[in-house]
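Below is one structure, written out as structure tokens, with a few remarks after it.
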Amino acid sequence: MSFPRKRESSSSTEVDPRFRGGDDQRMIGVTMFKKILVALDHSMADNILLPQVKQLASLTQGEILLLHVSTGWAAQWQDNLNLSDSQEIKEDREYLERVAQKLREEGLKVTTRHERGEPAHAILKTARGEHCDLIAMAAHGHKLIADLIHGTTITKVRHQSEIPIFLVKARPD
């Protein structure tokens, strides 16, 4: 979290006017989370993640960048083998646009990005390239061995991200 800095002027040192009293919620929007990357996995977990992100984006007046990473065989090898879009890729792009349109209809500023390949790498690369302030993801709550198999995306993102991560548990206990 960044704190307000004093601005230097020729006559005196003064506090940035955005931080002179006022509504605390308004100040949050000024200082953080201008662009929120939302990693969607095209599963029911998105239905739990998105309401939380909508609330946060409304509070901070931030832009939402929806990202989905296709991971199927065709997605992994599309460039190397000069393959056309698979059904998975087409469905993933359509899904992204449906979700984005619904959020736009609710008054939110939304852009989309579709990537192919390894999810953690794509999330981190997109967050850096798009200058995001926050990464939002759903945690599936796998247990024991399943964590080793399925929990690798969050683990990699958590260890390599240079920005905060907002995790929402996909399944309530």
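The values are calculated or read from the model by the stated rules, or taken from the named source; none is laboratory data. Computed from a predicted structure; not experimentally measured. Methodologically, a virtual Cβ is constructed for each residue, glycine included, from the backbone with ideal geometry; neighbour enumeration extends over all protein chains shown.
Quick notes
- Residue check for Ala146: modelled with pLDDT of 85 or more, of a type in the set (Gly, Ala, Ser) and either loosely packed, with under 13 Cβ neighbours inside 10 Å or in a helix (DSSP H, G or I) (or both): no
- The lone criterion from (1) at pLDDT below 95; (2) assigned to a helix (DSSP H, G or I) left unmet by Asp173 is number (2).
- Cross-chain or 6+ apart pairs with Cβ under 6 Å, the range 32-54 first and free of Cβ contacts under 8 Å to residues at least 60 places away in the same chain and closer than 14 Å to Ile123 by Cα, then of a type outside the set (Val, Ile, Thr) and not in a helix (DSSP H, G or I): Leu40/Leu66; Leu40/His68
- Top-ranked residue in the range 116-128 [being more than 23 Å from Pro51 (Cα to Cα), surrounded by fewer than 20 Cβ atoms within 10 Å (Cβ to Cβ) and touching a strand residue (DSSP E or B) at 6+ places or on another chain (Cβ under 9 Å); ranked as modelled with the lowest pLDDT]: Gly117
- Boolean, Ala75 is in a helix (DSSP H, G or I), touching a Ser or Thr at 6+ places or on another chain (Cβ under 9 Å) and modelled with pLDDT under 65: yes
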